[in-house]
Amino acid sequence: MEHIRSENVDVLERPKKRAKKLQPPKKYAVILHNDDYTPMVFVVWILMEFFHKNEEQANSITLEVHKKGSGIAGIYDFQIAEQKIADVAESAKEHNYPLQVTGEQLQ
């Protein structure tokens, strides 16, 4: 520490610290998985209701889920993704559908 004299008062000057650069929060993909029992119309509704997709986007993602086995419903910060996963799982359970929804951290 450096001493600085000012008007008969000793003042200690702290060494300057390098500011840590904050990293942006990690993003998570919310993924819907295909099954043989959940109707496509329900998946479209889920995408419109919980992920605010328009009808065209919802149909496109639903077809991807159907053809490829899974599809990304949206990409969010961890807590938002976690809440959407819980909301979708609860809604599927309330409607007696086995729709699986998971989250995956993006690189």
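The values are calculated or read from the model by the stated rules, or taken from the named source; none is laboratory data. Fair warning: this is a prediction, and the values are worked out from it, not measured in the lab. Note that we place each Cβ from the backbone using ideal geometry, even for glycine, and neighbour counts take in every protein chain shown. In case anyone asks, the SASA skips ligands and DNA or RNA and just uses the protein heavy atoms, side chains included. Shrake-Rupley method; radii C 1.70, N 1.55, O 1.52, S 1.80 Å.
Mind listing whichever residues of region 59-91 are of a type in the set (A, V, I, L, M) and farther than 22 Å from Gln105 by Cα?
Once the filter is applied, which keeps residues that are of a type in the set (A, V, I, L, M) and farther than 22 Å from Gln105 by Cα, region 59-91 yields only Leu63.
Output the qualifying pairs, or none if there are none: Cβ atoms under 6 angstrom, residues six or more apart or on different chains, first residue in region 90-107 and farther than 17 Å from Ile75 by Cα, second residue open to solvent by 70 Å² or more (accessible area, probe 1.4 Å) and not in a helix (DSSP H, G or I).
Matching pairs, first to second residue: Pro98/Tyr37.
When the residues of region 18-40 are filtered to those that are surrounded by 10 or more Cβ atoms within 10 Å (Cβ to Cβ) and either free of Cβ contacts under 8 Å to residues at least 12 places away in the same chain or under 16 Å from the mean Cα position of the chain (by Cα) (or both), which remaining residue is farthest from Phe78 (Cα to Cα)?
Out of the qualifying residues, it is Leu32.
Of the residues in region 41-90, how many are among the aromatic types (Phe, Trp, Tyr) and either open to solvent by less than 50 Å² (accessible area, probe 1.4 Å) or modelled with pLDDT under 95 (or both)?
4
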